[in-house]
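Input: a single structure, listed below in structure tokens.
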Amino acid sequence: MSMYNEPVITEKDQEEDSINLKQIFFKYLSYWKWIVVSVVLFIILAFLYTKITTPIFEVKSSILIKSRDKASPTNDIMSQLNLFSGAKETDNEVEIFKSYTLMERVVKDLNLTARYYTREGLRKRELYKDSPIKVEIITPNDSLFKEPLKMRILEGNKIQIDENTYSFNTPIYDFKGAFKVIANDSILKSWDKDDKITVYLSSIKSAVRQIQNDLTVETPTKGKSTVLYLNLMAAEPAMGVDILTDLILKYNEANIEDKNTVAKNTLEFIEDRIKLISVELGDAERTVERFKSTHGITDIGTESKLFLESVQTKDAELSRVNIQLNVLKNIERYVLNKNNNTTSAPATLGIEDPTLLELIKQLTTLETERAKALQTVPASNPLIIAMDEPIENLKRSIYSNIQVLKQSLEITKRNIQQDNARLEYIIKSVPQKERELVDVTRQQAIKNELYMFLLSKKEEAALSYASTVSDSRVIDYPISSEGPVKPVKRNIFLIFFILGLIAPIGVIYIRDLIYNKIADRSDVRKATTIPIIGEISFLENKTAPISINQDVRNKQAEQIRTLRTNLQFMGNGNSQCILFTSNTSGEGKSFTSLNLGASLALTGKKTVILGFDMRRPQLQKELELKNTTGLSSYLSGQTELDKITFPIQNFSNYFIIPSGPIPPNPIELMMNERMDSLFKELREKYDYIVMDSPPVGLVSDALILEKHADITLYIVRHDYTPKESIKQIDDLYRDKRFKNLGIIINGVKDDSMFYGYKRAGSYYE
């Protein structure tokens, strides 16, 4: 079985099977008008976007978080008193700056629950401090926050709100809640009454969340720097500056409050002890005074004085030990208290053990960090749970250390008591009056020394309380960017320009994906290996059924001549009988077969075309012939071949055998024995026999005619034939139901840049 000449087709087909970027470029270039329109529309949209979108400014500030070694000199006193913890963790300070508690103070301080806007061109502008009115919420209501209040200032100290008129400074009660509008007289005088004001009211929580979303706090180098950079995006630069300024102020105030809480607790403890010792000292002094007055004693002997000094020293040591034991008991109660919610450690006055002091210092640090973390997250947060474990470990260590110190102090206490007992035994040898005087004087001296010690510590604690400063310093005060950072006009226009290019190309691409018609040669090549032997362009103004003659040199005529040439490479040179078929009607099968027959006749070859489409005859309609007799008449034995053969006008070697009257049984007629006689006689009389058969996708007539054909040409039409039909003819081709099968693409439109005809069209004209 002969096939289409491989060397002629293969190289071209291989080029078409590969991705041809040039063809793809020209395919999309054919839609340049739509692309230009799309780009222009998107540029207009970009312009409108820049005009409608509110510009956003960036407000920046930076602060330094001081470490302990860089703190002020007054912190030396605080560290000696063990009042404050170690260096701050910068990451914790970042979270504090972004905490809800801190931001809530800023929102309330600046009254940011009410935002005022006016229309300025196509966009709205926030008034902030330039607003002629101020709205105060009396009774908040969820409905009050859902819709903005549209206001217009009227004459006579009146204001219109949503079509209702109210007076300034008068509470307004409606279903939305209760509020009042206060006039800003300094701005109201110059305010244009035609300008409307839109007021957006929100809850404190909503206002806080909005600012938190616009705020970023970060460090330049994580873990190596204690500098924090604060960035805030704001539509109104002045408001952004005020927010950051107030945020830093509230941070410093909270920091100082935290420090003062520790100093205050220590000061209160010392004052309580002073009150108690003061009473005891007064009692001791009055006792000495009464004893001397009663017994008339004015001086004590040298020996008694020495004993007294020794006892006083021991008693003073015993008092300090007792104080230390009391302090240790307070600390022990603190670490054993499971429900301890304070962040302030107990006072450590008189405790000199460095290990215990360091442990208490670490505990204070961890509990302070935990308290700060609780400002941003709940107690059930894994971060808080993770911090609880080291705190409990430190408390256990402190408890163990306290037990050791208590044992040591108890031993010291017993030794002092033994020494006192020995000295008291010696003192007993002193005359009774003098001994009694020594006893009362000793008590006075002990209380006086303890009282002076507590007064000294009270002054130190008061000094630290009064001189507390924040652990942060502002490096750069808040300042706004000179121009808006959003939107960037250059980027907006670039993005919209790219979208303008992509949108039509994307639409075309998606349309091609879902398009099920034959759009180009590649659609045929992907579905089958049947060779494509020709393409015929679509003519807008077709005036005659046969578009080719000796003098016509247009594009379509040249394509038909090319098709005629390609037939010489099919069927091993035997292409006398040519069968035309297609998938369905309307694909140009009759037109192509009629014009190919005319092209063959122009070469001087005697050619006849047979109208085997007996169900819907088209050839005689195209040539305006009467269909009174034809193939159906011949096959049914009603007439002879010469009587149904008619010459075609303007062609000396071109004849037609019409289909004749429509028979009830076309298939049976084609299987008649007269079919063999018909083709035998036709092959003897004519050089070429062209058969126009019914669509093979609808009826099986073409399969019956195939045995009489040397070549079968399958017609597909650009932008008309479904892609699935190619798979159908490919199945017939693989099953070898047709000999020497080839495909012709018909009706290719000039605006199909993929074929390249638009540029080549002028060559034929």
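Quick notes on this one:
- Scan region 619-657 for residues that are at pLDDT 85 or above, outside any loop (DSSP other than H, G, I, E, B) and exposed (fewer than 15 other Cβ atoms within 10 Å of the Cβ) and the total you get is 3.
- Residue ranges of strands (runs of 3 or more DSSP E) in region 164-237 with at least 1 members among the aliphatic types (A, V, I, L, M) and in contact with a Ser or Thr (Cβ under 7 Å, 6 or more places away or on another chain): 177-183, 197-201, 227-234
- Val39 falls short on exactly one of the conditions (1) assigned to a helix (DSSP H, G or I); (2) touching a residue at least 40 places away in the same chain (Cβ under 8 Å); (3) open to solvent by 30 Å² or more (accessible area, probe 1.4 Å); (4) farther than 16 Å from Pro487 by Cα, and that condition is (3).
- Enumeration of residues in region 583-605 that are free of Cβ contacts under 8 Å to residues at least 60 places away in the same chain and on the phi > 0 side of the Ramachandran plot: Gly604
- Residue-level analysis places Arg396 outside the set of residues that are of a type outside the set (Gly, Ala, Ser) and within 37 Å of the chain's Cα centre (by Cα).
- Restricting region 10-60 to residues that are acidic (Asp, Glu) and at pLDDT below 80 leaves a set whose member that is farthest from Ala235 (Cα to Cα) is Glu11.
- Scanning region 286-308 for residues that are at pLDDT 70 or above and more than 15 Å from Arg422 (Cβ to Cβ), we see that the one that is farthest from the chain's Cα centre (by Cα) is Thr294.
- Condition check for Lys108: among the basic types (Lys, Arg) and at pLDDT below 75: no
- Close pairs from region 382-405: first within 17 Å of Leu336 (Cβ to Cβ), partner outside any helix (DSSP H, G or I), Cβ under 7 Å, at least 6 apart: Leu405/Asp353
- Region 722-749, subset crowded, with 17+ Cβ neighbours inside 10 Å and under 24 Å from Leu29 (Cβ atoms), residue modelled with the highest pLDDT: Ile745
- Pair list, Cβ < 6 Å and 6+ apart or interchain, from region 357-381 residues that are more than 26 Å from Lys250 (Cα to Cα) to residues that are of a type in the set (Ser, Thr, Tyr) and surrounded by fewer than 19 Cβ atoms within 10 Å (Cβ to Cβ): Leu359/Ser397
- Of the numbered criteria (1) out of contact with any Leu (no Cβ under 8 Å at 6 or more places or on another chain); (2) under 23 Å from Asn141 (Cβ atoms); (3) open to solvent by 10 Å² or more (accessible area, probe 1.4 Å), the one Thr198 fails is (1).
- Residue check for Asn326: open to solvent by 50 Å² or more (accessible area, probe 1.4 Å), of a type outside the set (A, V, I, L, M), under 30 Å from Leu359 (Cβ atoms) and at pLDDT 80 or above: yes
- Note on region 99-120: residues that are among the basic types (Lys, Arg) and surrounded by fewer than 17 Cβ atoms within 10 Å (Cβ to Cβ) amount to 2.
- Scanning region 449-507 for residues being touching a helix residue (DSSP H, G or I) at 6+ places or on another chain (Cβ under 8 Å), at pLDDT 80 or above and under 30 Å from Ser225 (Cβ atoms) gives a total of 6.
- Hey, Thr221 modelled with pLDDT under 85, surrounded by 18 or more Cβ atoms within 10 Å (Cβ to Cβ) and of a type in the set (Ser, Thr, Tyr) or not: no
- Of all residues in region 566-582, those satisfying the criterion of being in contact (Cβ under 8 Å) with a residue 40 or more places away in the chain, surrounded by fewer than 24 Cβ atoms within 10 Å (Cβ to Cβ) and outside any helix (DSSP H, G or I) are Phe569, Asn574, Ser575, Gln576, Cys577.
- The requirement of being at pLDDT 70 or above, within 30 Å of Ser61 (Cα to Cα) and buried (at least 20 other Cβ atoms within 10 Å of the Cβ) is not satisfied by Lys250.
- From the options Leu188, Leu110, residue that is closer than 24 Å to Ile243 by Cα and of a type in the set (A, V, I, L, M, F, W, C): Leu110
- Within region 168-183, tally of residues that are surrounded by fewer than 15 Cβ atoms within 10 Å (Cβ to Cβ) and either β-branched (Val, Ile, Thr) or in contact with a strand residue (DSSP E or B) (Cβ under 7 Å, 6 or more places away or on another chain) (or both): 4
- Qualifying residue in region 513-526 (condition: open to solvent by less than 40 Å² (accessible area, probe 1.4 Å), over 28 Å from Ser575 (Cα atoms) and not in a loop (DSSP other than H, G, I, E, B)): no
- Qualifying positions in region 614-636 - touching a residue at least 60 places away in the same chain (Cβ under 8 Å) and among the acidic types (Asp, Glu): Glu622
- Residue match in region 637-645 (condition: in contact (Cβ under 8 Å) with a residue 40 or more places away in the chain and touching a Ser or Thr at 6+ places or on another chain (Cβ under 8 Å)): no
- Checked against (1) surrounded by 13 or more Cβ atoms within 10 Å (Cβ to Cβ); (2) hydrophobic (A, V, I, L, M, F, W, C); (3) out of contact with any Gly (no Cβ under 9 Å at 6 or more places or on another chain), Ile475 meets all criteria but (1).
- Odd one out for Ile402 among (1) modelled with pLDDT under 85; (2) aliphatic (A, V, I, L, M); (3) more than 30 Å from Lys250 (Cβ to Cβ): (1)
- Criterion (in a loop (DSSP other than H, G, I, E, B), within 46 Å of the chain's Cα centre (by Cα) and at pLDDT below 80) met by exactly one of Thr343, Thr348: Thr343
- Filter result for Gly611 (touching a residue at least 12 places away in the same chain (Cβ under 8 Å) and either open to solvent by 10 Å² or more (accessible area, probe 1.4 Å) or of a type in the set (Ser, Thr, Tyr) (or both)): no
- Test: Val199 is of a type in the set (A, V, I, L, M, F, W, C), in contact with a strand residue (DSSP E or B) (Cβ under 7 Å, 6 or more places away or on another chain) and in contact (Cβ under 8 Å) with a residue 40 or more places away in the chain: yes
The values are calculated or read from the model by the stated rules, or taken from the named source; none is laboratory data. Bear in mind that the values here come from a model prediction, so they are computed numbers and not experimental data. Here the Cβ is made from the backbone with ideal geometry for all residues, glycine too, and neighbour counts use every protein chain on show. These area figures cover heavy atoms from the full protein model, side chains too; ligands, DNA and RNA do not enter into them. Shrake-Rupley method; radii C 1.70, N 1.55, O 1.52, S 1.80 Å.
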